Amino acid sequence: MHPDLRNVGHAGRLTAEASPSVTGCPEHEEPIKEHTMTDVRWGVLSTAGIGMEHVTLAIQRAENCDVVAIASRDIDRATAAAAQLGIPKAYGSYEELLAADDIDVVYIPLPNDLHAEWVMKAATAGKHVLCEKPLAMNAAQAEEMAAFCESAGVKLAEAFMYRHHPTWVEAVRLVRSGMIGDLQGVQSWFSYYNDDPSNIRNKVSNGGGALMDIGCYNINMSRMLFDAEPERVEASVRRDPVMGIDIVTSAILEFPGGGQSTFTCSTRAEDYQRVHIVGTTGRIDIEIPFNIPPDRETTIFVVSGGEPPVAPATEALVFPPENQYTIQARLFAQAVLDDTPVAVPISDAINNMKVIDEILATPSQT
C-alpha cells in the first residue's frame, strides 16, 4: 500500500506497487494459462456482449479459473463464441449447460429481467453464481434470489468488478485512514449515449434505463465509501416519453452523520465518468472510476494540504495496468475453493436495489 501522503511534497507523483497478477488487453496480457485440476470450472450463460468482449477472457486469465463451456439459445452462436474464445464446449440451451457435471460456477450476463430465473435455476443445479449487475429487477426479487441460493448451499455474488481494482482498494483505504479527514461528500457522473429503441438498455421490460444500467454504480460506490446506507434519498428523474426508461437521473443520498452523495447518470449524454471524494481536510479524484482500462495506467489524485484552491498539495497515485474482471473472477473462485464468504456479501446487492427502487419511484419531470 502507499505511504501516508500527508508528508509528501506538493504536486508529486507516486507509482503504485504492482500486484502479482497484472493483466491488460490481449496484446499486453500474458497468454491464457495452462489450467489444472484445482481450477474452478466456469460456464458462461449467454453470448452477451459484456461476456464476449470483457469478462470471459478475463476469467480465463485468472490463475484459479477454467472456462469450460458457453451456452446460447442458438447452437450456432454458441459454437462460434466457443471457437472465438477457445472454450471447449458449446451448448444450444442454458438448461444443457446447467445440467453438465463438469461446471462449478456459472457467470450470468443475461438481461436484467432474466437474472432471477436463471440464478435460481443455476442454484437448483448446484452451481455457484456470479451475476451481472444489477442483481435483480427490484429489492424484493433480490432478497428472494439471495434466500434461494443460501437454501441451495451455493454462493451468489453481484458483478461490481470496479470494487476490486487496486485504484478503488487504495481509495477506500485512504478514506478509512482519515487521509482526507471526515468524509463529507461524494460527487459523481456516469453517462453514455444510446437512443436505439431496439437495445435492451432502452426497454423497461428488460430492466433498462440509465439508473439500472449505470447509476447503480454511483449508488454502490457511494454506499461503499460511506460504509453505510443512506437515511434519505431525493431524486429527479427524466424519462423518455416513448420508451419509458429514465434517460437522465440525478439523486442526493444523505448518510448517517450528514455526509452526502450527489450524482447524475444518463444514457443521452457524452461518454463520461468521474468521481470526486471530499473530506474535511482533503479530497480524492478518481480519473476513470468504473470502466477502468486493463491496458493502461490509471490514476487517482489525492489533495491534502498546501494552499487550496490555488496551490493545493496534490499527489498522483499511478497504478499499472490490471484487469478488474480477472481480479473479480479470482476472488470469487477462491471463495468457492476455500468455502469462504464472497468478497462482497449479497446483502450489499439487496441494499443497493433498495436505493434504486426508491429513486425509480420518483415521478418523471413534467
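Listed values, structure above:
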| read-out | value |
| --- | --- |
| Exposure proxy ranking, count of Cβ atoms within 10 Å, fewest first, for TYR272, TYR325, TYR162 | TYR272, TYR162, TYR325 |
| 3J(HN,Hα) from dihedral phi, region 178-194, Karplus parametrisation 6.51/-1.76/1.60, rounded to Hz, x for glycine, proline | x, 4, 10, x, 7, 5, 10, x, 10, 10, 9, 9, 8, 8, 7, 10, 7 |
| Beta bridges per DSSP with both ends in the chain, % antiparallel, nearest 5 | 55 percent |
| Local net charge near ALA100, Cβ-Cβ under 12 Å (Lys/Arg +1, Asp/Glu -1) | -2 |
| Mean separation of Cα contacts under 8 Å (6+ apart) over length of the chain, as relative contact order % | 21 percent |
| Mean ellipticity per residue at 222 nm, deg cm²/dmol - from DSSP H runs of n ≥ 4 across the chain, formula -39500 (n - 2.57) | -8000 deg cm²/dmol |
| Per-residue Cβ neighbour rank within 10 angstrom, fewest leading, THR298, THR264, THR280 | THR280, THR264, THR298 |
| Debye log10 I(q)/I(0) for region 40-159, one point scatterer per Cα, at q = 0.10, 0.11, 0.22 Å⁻¹ | -0.26, -0.31, -1.26 |
| Dimensions in Å of the chain - Rg and Dmax from alpha carbons | 20.7, 63 |
| Full-extension gain in nm, GLU150 to SER198, via 0.36 nm per residue minus C-alpha separation | 13.7 nm |
| Lys pairs under 28 Å by Cα in the chain, provided they are eight or more residues apart or on distinct chains | 19 |
| Using θ = phi - 60° and Karplus 6.51 cos²θ - 1.76 cosθ + 1.60, couplings along region 250-267 (whole Hz; Gly, Pro as x) | 10, 8, 10, 10, 9, 9, x, x, x, x, 10, 10, 10, 8, 10, 10, 7, 10 |
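Coordinate-derived values only; no laboratory data. The structure displayed is predicted, hence computed values, not measured ones. Because the Cβ atoms are built from the backbone with ideal geometry, glycine has one as well, and the counts that use them run over all protein chains shown.
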